[in-house]
Amino acid sequence: MLQLTKEEQEILAGKEGRLRQVALENIVRYAEVLGADKLCKVTKATVFCGSHNYLRTCKSEDFHEVFTKMNLARDERIVFDCVDKDCYAQSCVAASDQYDYEIFDQPKEDFDRNSLYLEEARKAGVIIAGSCSPYLMGWLPVKGEHFVTTESGMTILGNSLWGACCNADGIEAAFWSAICGRTPKWGYHLPENRYATHIVHVKAKLDSAMAWEILGKAMGERLPLTGCTPVLVGDFTGADFVKLKSFFTTLAVTTNCRMCHIVGITPEAPTLEAALMGHAPEGEFTLTEEDICGAYEGLCEKKEGSVQLVSLGCPHYDIHQIQEVAEYIAGKKVKEGVRFMVWTVYPLKAMADLNGYTRIIEEAGGTIQTSTCPVTIGDCFLKNYPGQVYDSLKQSDSVCSSGCAERVYYTDKYRCIDAAVSGEWKEEFRWKK
Amino acid sequence: MEKIVLQGRGVIPGIVEGKALVCPRSITGWGGIDPETGIIKEHGHVHQGMCIKDTILLMPGSKGSNGWSCYFGAARVAKTAPKGWAFSRIDSSAGVASAVMQIPTVVDFPKEQDPCQIVKTGDLVRIDGEKGTLEILAR
């Protein structure tokens, strides 16, 4: 039986307005489905603003009507005009860049609608950040802090690396939580549920972000579909934040798990025993160099062909990654007819300008973009590029599923740049462990 | 036919009957269905091309992105949603989707009564979201 505090009962009674009331009603419904007996306060949220493609199912030009039907799941019109005063809420990727649309072959009306949606969210108190990587701008939940996010990779990263608490709630519930400041105290919000269920012995040298990403793919092929929290055991010398964010992002799309312990790296796994918290493991397996190399095989188109789009930066790049791109591409030229894009967040774009990296990349024929990513923009952009190259499994896999490209290649960022300069995909660009 | 009644936990009340659509590997939420038509788009899905509209949709739980619920929510708005659904074991994404859909829902079946193992696609089934039962009426 769900117990509510006096403050929660008052919100539910409508004393703080219809928006907060409906948001909490939905959180209560969600808690009852889960079987939770309490709610907990949420102090950080990332929410999916912007006029994303799936919202077009609601045939209305009225933002608040669309918001109510699609995000609050009510057939009425409620004005979205506030978020909880104690919740630091910022926006995830949007459907367009904040400033550009022609470069993405987007109709101006779509760009204008996206801008309107973002402005309404901003007026309600959401900080417009436009990123899957909110930590790049200081949005950092700490150990034990309850947060919500629409970014699957961010959920795993926050739970695993920072010891913060989050479930895979989804787009609607992230808004409900941001508005009423509550989420069901269930799943990873309860310390006793954060134990490892499956032991993964890693007998491979993880010396690059690509190796970590593909480890995520290899794990996805062995872990059960639902209900698992793996723990990695092995030699993780050289692990750094870029490698781990790449790993968690891949794990989020190849599995359903939303927390992954790494012995000696993550705070709740100083030892294997600590990660298991006294529970017997439900499964145990080993992944080798061969498993990782094998997992890559199906991820990259095998036949050679021309390249029209090369995209780097999923999750959005940090400034050091942009520096590495600038240093490698300096003095080179992207082949005519190839669109070369590097994705990051606004503040880091400004830093790239300041440090001269933007100029170097633009002189080479590329651009730095913010606020969104190729697969979030969708078909209107992707359909124009038969040969596409990504340094991210999340992007390349999504494009493959969409059927928008004839050839989708996936490799590390330096080989991506080689492909952009060449204008052709060559066998030598394939990633090699 | 022997009467088969699976007992889970009823979480959204209501009684509905319909043809079962069983997805033992779930459906990818983000882009896995076309909400305008209710047709399963997920590449390689065992029921790719079939429609979820007016079915009793049976899945072990959610799959993939945190954005799992919103495509089902869009199907609610487009009136292409299932009549009812059941999950072998509830998880957070499936919980949000159930709170959004507000269709009769039963979850958390014992392992030996897993609807994804016992019910076959095309079976006529009845879901009772109050009692928490899933009954096979005809196959």
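The values are calculated or read from the model by the stated rules, or taken from the named source; none is laboratory data. Here the structure is a predicted model, which is why all the values come from computation and not from measurement. Here the Cβ is made from the backbone with ideal geometry for all residues, glycine too, and neighbour counts use every protein chain on show. Calculation scope for accessible area: heavy atoms of the full protein, side chains included, ligands and nucleic acids excluded. Shrake-Rupley method; radii C 1.70, N 1.55, O 1.52, S 1.80 Å.
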Three semi-axes of the equivalent ellipsoid, segment B:10-139, Cα gyration tensor, whole Å, largest first: 20, 15, 14
GNM result for chain A, Cα springs below 10 Å: residue of A:Glu172, A:Glu268, A:Glu192 fluctuating most strongly: A:Glu192
Summed residue charge, Cβ within 9 Å of A:Gly305's Cβ, Lys/Arg positive, Asp/Glu negative: -2
Accessible area of the protein assembly as shown belonging to carbon and sulfur atoms, whole % at 1.4 Å probe: 50
For segment A:25-79 versus segment A:146-178, the gap between their alpha-carbon centres in whole angstrom: 15
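Can you compute the FRET efficiency between B:Arg89 and A:Thr367 using 1/(1 + (r/R0)^6), with r the Cβ-Cβ distance and R0 = 41 Å? Round to the nearest 0.05. Provide the component values of the computation, followed by the final result.
On the way: r = 46 Å, r/R0 = 1.11.
Plugging the Cβ-Cβ distance into 1/(1 + (r/R0)^6) gives 0.35.
With both partners inside segment A:6-191, how many of the DSSP beta bridges are antiparallel, as a percent to the nearest 5?
On the way: 3 of 11 bridges.
Given both bridge residues lie in segment A:6-191, the antiparallel proportion sits at roughly 25 percent.
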Nitroxide proxy distance, nm - points 7 Å out along Cα→Cβ at A:Ile103 and A:Arg359: 1.8
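Eigenvalues of the Cα gyration tensor times 5, then square-rooted: what semi-axes does that give for segment A:6-191, in whole angstrom, largest first?
Semi-axis lengths for segment A:6-191 are 27, 21, 13 Å.
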Beta bridges by DSSP in segment A:305-429, antiparallel share as percent, to the nearest 5: 10
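If you take every DSSP beta bridge fully contained in segment B:4-138, what fraction is antiparallel? Give it as a percent rounded to 5.
Working: 20 of 30 bridges.
Percent antiparallel among DSSP bridges in segment B:4-138 is about 65.
What does the buried accessible surface come to for A and B, summed over both chains, with the probe at 1.4 Å? Round to 100 Å².
Details: alone 17270 and 6800 Å², together 21320 Å².
Between A and B, the summed buried area is about 2800 Å².
Can you compute the helix-only [θ] at 222 nm over the protein assembly as shown? Use -39500 (n - 2.57) per DSSP H run of at least 4 residues, normalise by all residues, nearest 500 deg cm²/dmol.
Roughly -9500 deg cm²/dmol at 222 nm, from the helical runs in the protein assembly as shown.
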The protein assembly as shown - accessible surface per residue (Å², probe 1.4 Å): 37
Pair A:Lys383, A:Glu282: separation of 7 Å Cα→Cβ label points (nm): 4.2
Compactness of segment A:305-429 - radius of gyration and Dmax, Cα, Å: 13.3, 38
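Efficiency by 1/(1 + (r/R0)^6): what FRET value for B:Asp54 and A:Val142, r their Cβ-Cβ distance, R0 = 51 Å, to the nearest 0.05?
Numbers: r = 47 Å, r/R0 = 0.92.
Step by step, r from the Cβ atoms, then E = 0.65.
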Shape of chain A, Cα gyration tensor, a/c cut at 1.5: oblate
Cβ-derived FRET efficiency at R0 51 Å, B:Glu2 paired with A:Tyr414, nearest 0.05: 0.20
Minimum 50 Å² accessible area buried by the other protein chains, segment B:88-104 residues, probe 1.4 Å, relative to alone: B:Ser92, B:Val96, B:Ala99, B:Val100
Total lysine pairs under 23 Å (Cα atoms) in segment A:305-429, excluding pairs fewer than 8 apart on one chain: 17
Separation in nanometres of the label points that stand 7 Å from Cα toward Cβ, at A:Asp240 and A:Glu289: 2.3
Summed side-chain charge close to B:Asp34 - residues other than B:Asp34 whose Cβ falls under 13 Å, Lys, Arg +1, Asp, Glu -1: 0
Set of aspartates and glutamates near A:Lys44 by C-alpha distance (under 16 Å), chain-local residues within fewer than 8 positions excluded: A:Asp84, A:Asp86, A:Glu145, A:Glu151, A:Asp169, A:Glu172
Backbone N within segment A:193-221 under 15 Å of label point (7 Å from A:Lys302 Cα along the Cβ vector): none
